[in-house]
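A.B. asks: I am attaching a structure below and will ask some questions about it afterwards.
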Amino acid sequence: MKFSWQKGTTQGITIRRFLSDRGLSHRVLSRINHHEGQVRVDGRKVRLQAVVDEPATVTVMLPPEHPDENVPPSTGPLAILAADENWLVIDKPAGMTSVPGPHDREDTLVNRVKGYLMQQGARDLVPHVITRLDRFTSGVTLVARHRVAQGLINPQVEQHTLRKEYLAVVQGALAEDHGFFTGPLERQPGTNRQWVSATGKPARTEYWVTARYAAATQVRVRLHTGRTHQIRAHFAAAGHPLLGDELYGGPTVLIERQALHARALGFTDPFTDRAVTYCAPIPPDLQQLLATLQ
């Protein structure tokens, strides 16, 4: 991998600080410092401690990431919404686990992305899932194709500036057409559930009602934080669990998985500084649910 940035001022700065300001992670810089890669200034090899005090082109060259032998590639299908040398945007189906774990170690999203990258002849074979969805949540998932992309997008992840919007169908009638849930969330002892607790981590969920039915409400949801099960836990705590969400007490008559779909994802591409948005179509099971409710 090779990446270049322009230093346009005469102010002196170390290469380490310059690259850190551009978003390279401490881990990547540490590897460069241990000779796993190199930095060149106008074609001249330099150390990270070097000071540059003139306008110059700073280029980083990194070796390929070695694949994890414990993650076998899968040739299962991928619904790719967009792809370039830095990112894969994928429409994850409900039922697929994002990363290898107890439920599945051989055919998760990561396994399939690894298989796809191998088929494409990619040098870097370690997918980095940026927006991880629950197993039974469908929709837009962002994957970084290499560690530099992962590092450059991390500030947006940590500052909660990724624009994540979901379609959800909840039980009952919400009183307001627009609102927020702000209850702190933490894991409920002895369960896999999250619940609202004064000792939990801050969480903020915004919603807009988009359709009302006899015993359910369709909502557009925006996440302002990224806690585990945040949407599911917040609506359940408000007395409106998602349809199909058995874990949080939602009825499973009309749909067998939580009625939750990651509809859109927006972010600023750190390589181009352009704001981009990707959308995933509503899957057939949710289309059928909405048709039945209507």
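The values are calculated or read from the model by the stated rules, or taken from the named source; none is laboratory data. Keep in mind that this is a model prediction, so the values were computed, not measured. Counting neighbours? That spans all protein chains shown, and the Cβs are built from the backbone with ideal geometry, glycine included. What goes into the accessible areas is simple: the full protein's heavy atoms, side chains included, and nothing from ligands, DNA or RNA. Shrake-Rupley method; radii C 1.70, N 1.55, O 1.52, S 1.80 Å.
A.B. asks: Rounded to a whole number, what % of the accessible area of segment 33-104 do carbon and sulfur atoms account for, probe 1.4 Å?
C.D. replies: 51
A.B. asks: Which whole-Hz couplings ³J(HN,Hα) result when phi for each residue of segment 48-56 is put into the Karplus expression 6.51 cos²θ - 1.76 cosθ + 1.60, θ = phi - 60°, listed in order with x for Gly and Pro?
C.D. replies: Calculated HN-Hα couplings, in order: 5, 7, 5, 9, 10, 10, 9, x, 6 Hz.
A.B. asks: Is there a pair in Lys45/Lys114; Lys7/Lys164; Lys92/Lys114; Lys7/Lys45 whose C-alpha atoms are over 22 Å apart, and which pairs would that be?
C.D. replies: Lys45/Lys114; Lys7/Lys164
A.B. asks: Could you give me the ³J(HN,Hα) list for segment 132-144, computed from phi with Karplus coefficients 6.51, -1.76, 1.60 and θ = phi - 60°, whole Hz, x at Gly and Pro?
C.D. replies: Along segment 132-144, the couplings run 7, 9, 4, 3, 9, 9, 9, x, 5, 10, 9, 10, 7 Hz.
A.B. asks: Helix 109-119: angle to the longest alpha-carbon principal axis of the chain, degrees 0 to 90, nearest 10?
C.D. replies: 40
A.B. asks: Convert 20 °C to kelvin, take the viscosity as 1.002 mPa s, use the Kirkwood radius over C-alpha pairs of segment 18-63 as Rh, and evaluate the Stokes-Einstein diffusion coefficient in µm²/s, rounded to a whole number. It would help to have the intermediate numbers written out before the result.
C.D. replies: Values: Rh = 10.9 Å.
For the chosen part, D equals 197 µm²/s.
A.B. asks: Continuing with this model, one more query. Let me understand segment 110-183 better: what is its radius of gyration from the alpha carbons, and its Dmax, in angstrom?
C.D. replies: Radius of gyration, then largest Cα-Cα span, for segment 110-183: 16.9, 53 Å.
A.B. asks: A further question follows. Compute the Rg to Rh ratio over segment 7-101 from the alpha carbon atoms, using the Kirkwood formula for Rh, and round to two decimal places.
C.D. replies: 1.13
A.B. asks: Give the residue from His103, Met61, Val143 lying farthest towards the positive end of the charge dipole for the chain; charges sit on Cβ (+1 for Lys and Arg, -1 for Asp and Glu) and the dipole is referred to the Cα centre.
C.D. replies: Towards the positive end, the residue furthest out is Met61.
A.B. asks: Let me ask something additional. Once you have the alpha carbon radius of gyration of the chain, what is it after dividing by 2.2 N^0.38 Å, with N set to its residue count?
C.D. replies: Normalised Cα radius of gyration, the chain: 1.15.
A.B. asks: Still on this structure, please answer the following. For the chain, report the accessible area per residue in Å² (1.4 Å probe, heavy atoms, rounded to an integer).
C.D. replies: Ligands and nucleic acids excluded, the result is 51 Å² per residue.
A.B. asks: Mind checking Rg over Rh on segment 179-270, alpha carbons, Kirkwood formula for Rh?
C.D. replies: That ratio is 0.98, to two decimals.
A.B. asks: For the chain, take the longest principal axis of its alpha carbons; what is the angle in degrees between that and the long axis of helix 147-158, to the nearest 10 within 0 to 90?
C.D. replies: Tilt of helix 147-158: around 50 degrees.
A.B. asks: What ranking, highest mean first, results for peptides 257-269, 155-167 when packing means the other Cβ atoms within 10 Å averaged over each residue?
C.D. replies: Ranking, from highest mean packing down: 257-269, 155-167.
A.B. asks: Go from 0 up to the bin containing the longest alpha carbon distance in segment 232-294, width 5 Å each, and give me the % of pairs per bin.
C.D. replies: Percent of Cα pairs in each bin: 4, 16, 18, 17, 15, 11, 8, 7, 3, 0.
A.B. asks: Could you state the orientation-averaged shadow area of the convex hull built on the Cα atoms of segment 9-163, in nm² to one decimal?
C.D. replies: Seen from a random direction, the Cα hull of segment 9-163 projects 10.6 nm² on average.
A.B. asks: While we're here: Calculate the length of the line joining the C-alpha centroid of segment 231-265 to that of segment 38-90, in whole Å.
C.D. replies: When both Cα centres are located, 38 Å separates them.
A.B. asks: Run the dipole for the chain about the Cα centre, Lys and Arg Cβ at +1, Asp and Glu Cβ at -1, nothing else charged, and hand back the magnitude in debye, nearest 20.
C.D. replies: Here the size comes out at about 680 debye.
A.B. asks: Moving on. Along the charge dipole of the chain, pointing to its positive end and built from +1/-1 on Cβ of Lys, Arg, Asp and Glu, which listed residue (Tyr207, Ala237, Ala275) has its Cα farthest out?
C.D. replies: Result: Ala275, furthest along the dipole toward the positive end.
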